[in-house]
Amino acid sequence: MAPTPRHQRAAQLHPGAWWLWSLSLGTAATRTTNPLLLALLLTTSAYVVATHRAPTPTARSYTAFLKLALAVLLIRLLFAVVLGSPVPGTQVIVTLPEVPLPHWAQGIRLGGRVTAEGLLFALYDGLKLATLLVCVGAANALASPTRLLKSLPGALYEMGVAVVVALAFAPNLIADVQRLRAARRLRGRPDRGLRGLLQVGLPVLEGALERSVALAAAMDARGYGRTADVPASVRRTTTALTLGGLLGVCAGTYGLLTAAGGTYGLPFLLTGLAAALAGLRLGGRRSPRTRYRPDVWNVRACLVAASGVAVAALLTVAASTDPTALHPSTIPLVAPSLPLWPAAAVLLGLLPAFLAPTPTPKEPS
């Protein structure tokens, strides 16, 4: 017997918790260039995805994000070899033939010396970006952006639709390519190489156009872009709260980042956040929406989100207290070491593997 929709919703974690966890791990990745910590972040996100992703097209796109991250890393290394590195080095690995460039292209070179310091700098930099891409892929694999859209406040609904459409483009495109390649294999036709790519590209483009037309029709049928009538006083109050809150957040952030503003930074930031949230709450009256079977933010969702935020916060603190451990030196060359308490902080990101409910395959009714 198939589970009821109510039990299905209870067995699913709130999508906002997964996205907050994944983006927090991505934020933590931007705080370090230590390859050991970045590899630990990659392993953490991959383990949680392997144990908790559901059998959906967006979940299958995680492999494509891994391939994209690997391609970014290789391209970054290729640029360092061909175009040189901003980091000077003394340990030359190989010397390539250098192409002379005109005087107006000073600062750019093609070929020349390839040093170990420059290659390591490019490797650390590319690995950081690759880890960030994998974390975004983990968010897509664990929770569909469409489910996340239902939880946004009404004032952010239209902007959220645009972001969700952009985020869903890559998973939908990957699903179309996989479906068409499988169909070609069943018909005994080639699905690899230039010929296979050209014959798959046109149906993929046609499917993307049909999906765009269907999406536009669905958005129009659901009243996208239409607003309700609210009093002028409410509109003015909403504008004042939102703009004032954003200015307060900017002033508070500036105060926290400077030594002179340490006294007023935190109060301004908290006041600005409260005003901005109140403005978003009032602004939601102009976009009345109903939610069918809304996702519930429960204790598990709080713990999953908190584990990701804790990883980002602890690595941010570690980057300011012990920058040499999180950013290994390339001049002179120093072998990266694994700092103990930042590594333990990264392992907090494994908590969702034990706290979040495991998705169950759909049973026939």
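Some values worked out for this structure:
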quantity	calculated
Answer residue from segment 333-352, given it is touching a helix residue (DSSP H, G or I) at 6+ places or on another chain (Cβ under 8 Å) and assigned to a loop (DSSP other than H, G, I, E, B) and is farthest from ASN34 (Cα to Cα) among those	LEU351
Residue match in segment 59-82 (condition: more than 20 Å from VAL309 (Cα to Cα) and in contact with a strand residue (DSSP E or B) (Cβ under 6 Å, 6 or more places away or on another chain))	yes
Subset of segment 95-120 [open to solvent by less than 70 Å² (accessible area, probe 1.4 Å) and either within 26 Å of HIS327 (Cα to Cα) or aromatic (Phe, Trp, Tyr) (or both)]	VAL114, THR115, ALA116, GLU117, GLY118, LEU119, LEU120
Qualifying position, being of a type in the set (S, T, N, Q), within 30 Å of ARG235 (Cβ to Cβ), surrounded by fewer than 19 Cβ atoms within 10 Å (Cβ to Cβ) and at pLDDT below 90, among THR360, THR316, THR290	THR290
Filter result for the condition that a residue is closer than 30 Å to SER307 by Cβ and modelled with pLDDT under 90, over THR44, THR30, THR95	THR30
Among the candidates ALA274, ALA260, ALA251, residue that is modelled with pLDDT under 80 and either among the basic types (Lys, Arg) or out of contact with any strand residue (DSSP E or B) (no Cβ under 6 Å at 6 or more places or on another chain) (or both)	ALA260
Every residue from segment 20-52 that is among the aliphatic types (A, V, I, L, M), open to solvent by 10 Å² or more (accessible area, probe 1.4 Å) and more than 16 Å from the chain's Cα centre (by Cα)	LEU36, ALA39, LEU40, ALA50
Test: residue in segment 155-167 that is touching a helix residue (DSSP H, G or I) at 6+ places or on another chain (Cβ under 9 Å) and either at pLDDT 70 or above or open to solvent by 80 Å² or more (accessible area, probe 1.4 Å) (or both)	no
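The values are calculated or read from the model by the stated rules, or taken from the named source; none is laboratory data. This one's a predicted model, so the numbers in the text were calculated from it and none came from an experiment. Positions of Cβ are generated from backbone atoms using ideal geometry, with glycine treated the same way; all protein chains shown enter the neighbour counts. With ligands, DNA and RNA removed, areas are computed over all heavy atoms of the protein, side chains included. Shrake-Rupley method; radii C 1.70, N 1.55, O 1.52, S 1.80 Å.
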